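Visitor: First the structure, which I've put down as structure tokens, then a few questions once you've had a look.
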Amino acid sequence: MYIYVLIGLFLSTSAYCQSVNVDSLNRVIDISSINDFNHWGSKMKLANYYVYHNLDTATLIIDSVLIALSDEDLRIKTPQNYYKHLVVKAWTSHGNEKLDEAIYYLNMADSIVSLTDDRSARIEIQINLGALYVSKKDTSAVSFVNNFLSEIDTTYGNRDEKIAWVLGKKYMGQIYENKGYQELAFNEYKDVIESGLLEELPNFRVGVIKCISGLAAFSGNHSYAISSLKALTTNANLYTYQNGDINHVLLKNYISIDSIDSALELSDQILKSDNLNNNLKFRTYATLAELSLSQGNIEVAKRHIDKLSSMITDIESSRFQHQLCLLKAKYHLLIGNRDLCRHQLDSTPTVSLSQANKLKYGEINLLNTLDVNQVIAYNELDSLRRAIAKQKLQSRIQELMIIHETEIEKNRNIGLTQELNQAKKIEKQKNNLLFLFGLLGISALITLVLIAKNLKLSKKYSLLLAREKAVETENQSLIFKNNELIMMNENLKSQKVKANLKANNELIEDKIEFKSLDKLYMLDSYDISRVIAEAGGLRIYANGKSYWTKMTLKQFLDNDNSNLFIRIYRSTVVNISKIKWVNHTSLMMNDGMELKVGRTYRNEIIDALNE
């Protein structure tokens, strides 16, 4: 299975973009004082530029910035700019396979942004955290991405929300791929393609098409995968890391279809490219080493492995260390050094990558196959010895028969009796030998059948464990129990009847007053369906319309005297009388809008609907 991990999936939604004037920034850096925050801000923008063009240079620049900003007084002056420095540092850590370090810096940045109402910055951090959790195959990736998607404004009021939705869906596709659910992954990518958003966001088309190409290669359609990837490389707006990543995937596809000349030509092109980072360089040499080992080209494979060994000290990646150990194990296996092969496998670091685990299993299984072959070879040698012994026995039988014939000539009666007895004895010995050989064959056949059955049972057991885990994960995500849902949905009917009677038969005095677009509105509480926090204020939905007002959810609830509203999520308040039904994790409004329910507000919702 092909697993695609984006190296540095970066989103620039704020003022510090990738298109900068490098010379201009260098001039600002040269003439400004180190006590001037413009000096460090310009360095940060320069590092951000090099993230897309030369990862090693970007790392050097941003590290020097963070060392200088270790002075707390300098950080306090502009905390929002400091968060941007942390994000760029996280990008360089992600690109260098230091995933835990990248998560650490993003969480630091998130702690700063959470104190502000900067929605764009929060989206940016959440997107990058999602990429890291997917890369790590973290168990929390599913819940993180689901929560992230649930908070996106699907009306797509701005570009940030569109980008967030596209990447969130792509992350879910990658999670499904990692779990082996290729069809579900394809559905996620298909949703993105059919949404039409990629026409507005061409830079994000690359990642989605690359994932679809990976599914095509998994299904055996390498020609489609290659044509799709080659079409992507014609995009003149590709960043350096994107182009290198696509070429590496192309390289693997060429090898899969035995197009070795094309693979070697492309690998030479990758290794000679400008701004080649250590990550792509390692992956390319590892692929070439794997190719050489598969072809039995030991000397070339040894050169590639030695090159990788010299590089691994500069790359803090357990995934790459694992891959190098496996390559060394395969090399020692081919040259017949089983002890070193076993040593390399035993020293392989434990990682959560399913592909790496498959490789390790394959190598160990290969060693086990070697042991079985040795047993088979021994049995064949033993059978050969038995055959030689049998042939010698048959020669002795012929000798005995000649002797007996001579004896018969001398004493026919005595000789005939002895010959008959000896012949019976020899026949019995032959039958015993044939019976023994038959037993050995049946025993070998039974052993093979038992091994095959054990493998099938092992696979079934693994599938059952995976299904049990999936069901357990799904149950943990449920907020309401079945009996609670039945009671709440029954109570909804009476809630609606009470609200309708109040609206039709009584004068409604409970009103909500707010200002929107320089106009003052006063709406009946009963008419308001839901209130959503967004963009530093609230959006109020009532009578098929929506109004934006600069107010907090707390202020809204404090001004309400109707007791009609409950909070179901940290950014969502709904009118009880407008709820159509409630399920395990969400509720449906009368206008057809389905809203996510937060676990924090579970008891509050149950109490409100059971009054």
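Visitor: Kindly establish whether Asp274 is in a helix (DSSP H, G or I) and not assigned by TED's automatic domain parsing to the domain that holds Thr59.
Guide: For Asp274, the condition - in a helix (DSSP H, G or I) and not assigned by TED's automatic domain parsing to the domain that holds Thr59 - is not met.
Visitor: Does Ile103 fit the bill of being in a helix (DSSP H, G or I), touching a Ser or Thr at 6+ places or on another chain (Cβ under 7 Å) and among the aliphatic types (A, V, I, L, M)?
Guide: no
Visitor: Moving on. Considering only segment 521-544, I want to know if a residue exists there that is among the aromatic types (Phe, Trp, Tyr) and at pLDDT 90 or above.
Guide: yes
Conditions tested, residue by residue: (1) out of contact with any His (no Cβ under 8 Å at 6 or more places or on another chain); (2) loosely packed, with under 15 Cβ neighbours inside 10 Å.
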{"site": "Gln242", "(1), (2)": "yes, no"}
{"site": "Ile246", "(1), (2)": "yes, no"}
{"site": "Ile260", "(1), (2)": "yes, yes"}
{"site": "Ser267", "(1), (2)": "yes, no"}
{"site": "Thr284", "(1), (2)": "no, no"}
{"site": "Lys302", "(1), (2)": "yes, no"}
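Visitor: Any residue at all in segment 133-143 that is at pLDDT 85 or above and surrounded by fewer than 18 Cβ atoms within 10 Å (Cβ to Cβ)?
Guide: Within segment 133-143 (the criterion being at pLDDT 85 or above and surrounded by fewer than 18 Cβ atoms within 10 Å (Cβ to Cβ)), the answer is yes, since at least one residue qualifies.
Visitor: Now, a different point. Conditions: (1) assigned to a loop (DSSP other than H, G, I, E, B); (2) modelled with pLDDT of 65 or more; (3) not β-branched (Val, Ile, Thr). Leu6 meets all but one. Number of the miss?
Guide: Status for Leu6: all satisfied but (2).
Visitor: Tell me, which helices (runs of 4 or more DSSP H) lie completely within segment 151-221 with 2 or more residues that are modelled with pLDDT under 80 and among the aliphatic types (A, V, I, L, M)?
Guide: 205-218
Visitor: Here's another thing I want to ask about it. Within segment 310-319, can you find the residues that are in a helix (DSSP H, G or I) and in contact with a Lys or Arg (Cβ under 8 Å, 6 or more places away or on another chain)?
Guide: Matches in segment 310-319: Met311 only.
Visitor: List the number of the failed condition for Ile123; all other conditions in (1) farther than 26 Å from Tyr176 by Cβ; (2) modelled with pLDDT of 85 or more hold.
Guide: That leaves (1) as the condition not met.
Visitor: State all residues of segment 86-119 that are at pLDDT 80 or above and closer than 19 Å to Asn54 by Cα; if no residue qualifies, say none.
Guide: Leu86, Val87, Val88, Lys89, Ala90, Trp91, Thr92, Ser93, His94, Lys98, Leu99, Ala102
Visitor: So, one more: Taking segment 156-178 on its own, how many of its residues are touching a residue at least 60 places away in the same chain (Cβ under 8 Å) and of a type in the set (D, E, K, R)?
Guide: The number of residues fulfilling the criteria is 3.
Visitor: Tell me, which strands (runs of 3 or more DSSP E) wholly within segment 553-611 include 3 or more residues that are in contact (Cβ under 8 Å) with a residue 12 or more places away in the chain and either of a type in the set (A, V, I, L, M) or in contact with a strand residue (DSSP E or B) (Cβ under 9 Å, 6 or more places away or on another chain) (or both)?
Guide: Once the strands (runs of 3 or more DSSP E) in segment 553-611 are filtered for at least 3 residues that are in contact (Cβ under 8 Å) with a residue 12 or more places away in the chain and either of a type in the set (A, V, I, L, M) or in contact with a strand residue (DSSP E or B) (Cβ under 9 Å, 6 or more places away or on another chain) (or both), what remains is 565-569, 572-575, 579-582.
Visitor: Where residues in segment 574-605 are of a type outside the set (Gly, Ala, Ser) and touching a helix residue (DSSP H, G or I) at 6+ places or on another chain (Cβ under 6 Å), which of them is nearest to Asn482 (Cα to Cα)?
Guide: Here the answer is Val582.
Visitor: Return only the number of the condition from (1) farther than 30 Å from Asn482 by Cβ; (2) touching a residue at least 12 places away in the same chain (Cβ under 8 Å); (3) hydrophobic (A, V, I, L, M, F, W, C) that Leu520 does not satisfy.
Guide: So the condition that Leu520 fails would be (2).
The values are calculated or read from the model by the stated rules, or taken from the named source; none is laboratory data. Since this is a predicted model, take the numbers as computed values, not measurements. So basically every Cβ, Gly included, is an ideal-geometry build from the backbone, and we count neighbours across all protein chains shown.
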